[in-house]
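*Asks:* My questions will all concern the structure given below.
The values are calculated or read from the model by the stated rules, or taken from the named source; none is laboratory data. These numbers were taken from a predicted model, which means no experiment stands behind them. Using ideal geometry, Cβ is built from the backbone for each residue, glycine included, and neighbour counts are taken over all protein chains shown.
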Amino acid sequence: MKKFLIGLGIIAFLGSGFTALNSYRRVVNNSFGPGEHLEYRVHYGFVNAAEAVIDVSPSLFKVNERPCYRVNVDGRTVGAFDLVTKVRDTWRSYIDTSAILPQKFYTNIRENSYRKEENITFNHDANTVKAEERTERDIFKVPENVHDLISGYYFLRTIDFNRLTNGQVIEVPAFYDDTVYNMKVRYRGKSVIKAKEGKINVIKLNPVLPANKLFKQEESIRIFVSDDLNKIPVKVEVDLWVGSMVMDLRQNNGLKHPLRYF
């Protein structure tokens, strides 16, 4: 489950079209705000495998003297999957409202007997991150405008995909698990898909994945993002070495703009 969430997180690390404001960039955001609520259901074949809830807090928080959105992502296995692999994961990011950059990132991973809890604080002036609970090597050097797994997804939603050409690959640095990654995503044009409420116009994205033992090929994850100002994932398809998984948007409220189905 953790690898699956990390794979989905790869889509989020995009960057372009911002202007500097002192040491921080400034990103225009017309896509999301406080109080947004999204619920997803993950299927493995015909079996319900997991569910995820993504919430933007109704209130803003101040972190590093900057106003921030607090975003919680809670993922858990359900049904038969919960009997085999019990997952209860929480991911939290405090995202700068002006720069759409992370100021703090929290993870609480509970997967069977495995446990990991960590707080990461970002210093964008010094381009460093600090692992708060560490006693050894707690400071890491990172590139400018680095993201965490959650903030990158929200930055993605501020991008004007109409400026991209089909097949264009965008790269941006991201920090996770003591490592800086050069994340890549390929824009695959636009389409129409059928969702629970009807048909909807979507933007097609493919995270570019390195060779691994989980996904079949470089573009094994296909993300369908609403082609509107919201730019929220409404469907994700994942090809695994054994079988496939699909994640569908099941419920939403608090969006800045209503989703348009037809």
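*Asks:* Six or more apart or on different chains, Cβ under 8 Å: which pairs go from a residue in the range 67-84 that's farther than 16 Å from Arg110 by Cα to one that's in a helix (DSSP H, G or I)? Could you list them?
*Replies:* If the second residue must be in a helix (DSSP H, G or I), the pairs left are Tyr69/Tyr154; Val71/Ile150; Val71/Ser151; Val71/Tyr154.
*Asks:* Here is a list of conditions, (1) at negative phi; (2) surrounded by fewer than 16 Cβ atoms within 10 Å (Cβ to Cβ); (3) assigned to a loop (DSSP other than H, G, I, E, B), and Ala99 meets all of them except one; can you say which number that is?
*Replies:* Among (1) at negative phi; (2) surrounded by fewer than 16 Cβ atoms within 10 Å (Cβ to Cβ); (3) assigned to a loop (DSSP other than H, G, I, E, B), the lone unmet condition for Ala99 is (2).
*Asks:* Of a type in the set (Asp, Glu) and within 18 Å of Glu111 (Cα to Cα) - does that describe any residue in the range 44-57?
*Replies:* yes
*Asks:* For Val238, indicate whether it is in a strand (DSSP E or B), touching a Gly at 6+ places or on another chain (Cβ under 9 Å), surrounded by 18 or more Cβ atoms within 10 Å (Cβ to Cβ) and not small (Gly, Ala, Ser). Give the derivation first.
*Replies:* Details: in a strand (DSSP E or B): yes; touching a Gly at 6+ places or on another chain (Cβ under 9 Å): yes; surrounded by 18 or more Cβ atoms within 10 Å (Cβ to Cβ): yes; not small (Gly, Ala, Ser): yes.
The answer is yes for Val238.
*Asks:* Quickly run through the range 148-162 and pick out the residues that are of a type outside the set (A, V, I, L, M) and either closer than 14 Å to Asp96 by Cα or at pLDDT 95 or above (or both). First the steps, then the outcome.
*Replies:* Applying the first criterion (of a type outside the set (A, V, I, L, M)) to the range 148-162 yields 148, 151-155, 157-158, 160-162.
Passing the criteria: Asp148, Ser151, Gly152, Tyr153, Tyr154, Phe155, Thr158.
*Asks:* Hey, any hits in the range 156-167 for a residue that's buried (at least 19 other Cβ atoms within 10 Å of the Cβ), part of a strand (DSSP E or B) and either more than 15 Å from the chain's Cα centre (by Cα) or not β-branched (Val, Ile, Thr) (or both)?
*Replies:* Within the range 156-167, not a single residue is buried (at least 19 other Cβ atoms within 10 Å of the Cβ), part of a strand (DSSP E or B) and either more than 15 Å from the chain's Cα centre (by Cα) or not β-branched (Val, Ile, Thr) (or both).
*Asks:* Scan the range 105-117 and report the pairs whose first residue is surrounded by 15 or more Cβ atoms within 10 Å (Cβ to Cβ) and whose second residue is of a type in the set (Ser, Thr, Tyr) and in a loop (DSSP other than H, G, I, E, B), with Cβ atoms within less than 8 Å and a gap of 6+ or a chain change.
*Replies:* Final answer for the pair search is Glu111/Thr85.
*Asks:* I'm trying to understand the selection: among the residues of the range 68-88, which are of a type outside the set (S, T, N, Q), under 20 Å from the mean Cα position of the chain (by Cα) and surrounded by fewer than 17 Cβ atoms within 10 Å (Cβ to Cβ)?
*Replies:* Step one: list which residues in the range 68-88 are of a type outside the set (S, T, N, Q), which gives 68-71, 73-76, 78-84, 86-88.
Retained after the next criterion (residues that are under 20 Å from the mean Cα position of the chain (by Cα)): 68-71, 73-76, 87-88.
Asp74, Arg88, listed by residue number.
*Asks:* Within the range 35-70, restricting attention to residues that are in a strand (DSSP E or B) and of a type in the set (Ser, Thr, Tyr), which residue is farthest from Glu237 (Cα to Cα)? Reasoning before the result, please.
*Replies:* Initially, the range 35-70 is screened for residues in a strand (DSSP E or B), giving 37-44, 47-56, 61-63, 66-70.
Still in the list and also of a type in the set (Ser, Thr, Tyr): 40, 44, 69.
Numbers: Tyr40: 13, Tyr44: 10, Tyr69: 28 Å.
Taking the candidates together, the pick is Tyr69.
*Asks:* Another one. Can you find a residue that is assigned to a strand (DSSP E or B), in contact with an Asp or Glu (Cβ under 6 Å, 6 or more places away or on another chain), within 20 Å of Tyr153 (Cβ to Cβ) and at pLDDT below 90 anywhere in the range 210-232?
*Replies:* Let us first name the residues in the range 210-232 that are assigned to a strand (DSSP E or B), namely 215, 221-226.
Those still in the list that are in contact with an Asp or Glu (Cβ under 6 Å, 6 or more places away or on another chain) too: 222.
Narrowing further to those that are within 20 Å of Tyr153 (Cβ to Cβ): 222.
Those still in the list that are at pLDDT below 90 too: none.
No, the range 210-232 contains no residue that is assigned to a strand (DSSP E or B), in contact with an Asp or Glu (Cβ under 6 Å, 6 or more places away or on another chain), within 20 Å of Tyr153 (Cβ to Cβ) and at pLDDT below 90.
*Asks:* So which residues in the range 130-141 are within 16 Å of Asn64 (Cβ to Cβ) and either free of Cβ contacts under 8 Å to residues at least 12 places away in the same chain or within 19 Å of the chain's Cα centre (by Cα) (or both)?
*Replies:* Once the filter is applied, which keeps residues that are within 16 Å of Asn64 (Cβ to Cβ) and either free of Cβ contacts under 8 Å to residues at least 12 places away in the same chain or within 19 Å of the chain's Cα centre (by Cα) (or both), the range 130-141 yields Lys130, Ile139.
*Asks:* Can you tell me which condition Arg88 does not meet? The list is (1) at pLDDT below 95; (2) out of contact with any Pro (no Cβ under 7 Å at 6 or more places or on another chain), and all the others hold.
*Replies:* Status for Arg88: all satisfied but (1).
*Asks:* Next question. Taking the criterion of being more than 29 Å from Gln103 (Cβ to Cβ), small (Gly, Ala, Ser), in contact with a strand residue (DSSP E or B) (Cβ under 6 Å, 6 or more places away or on another chain) and touching a residue at least 12 places away in the same chain (Cβ under 8 Å), would at least one residue in the range 197-219 satisfy it?
*Replies:* From the range 197-219, those more than 29 Å from Gln103 (Cβ to Cβ) are 197-202, 204, 206, 211-219; that's our starting set.
Next, from what is left, pick out any that are small (Gly, Ala, Ser): 198, 211.
Next, only the ones that are in contact with a strand residue (DSSP E or B) (Cβ under 6 Å, 6 or more places away or on another chain) stay: none.
No, that holds for no residue.
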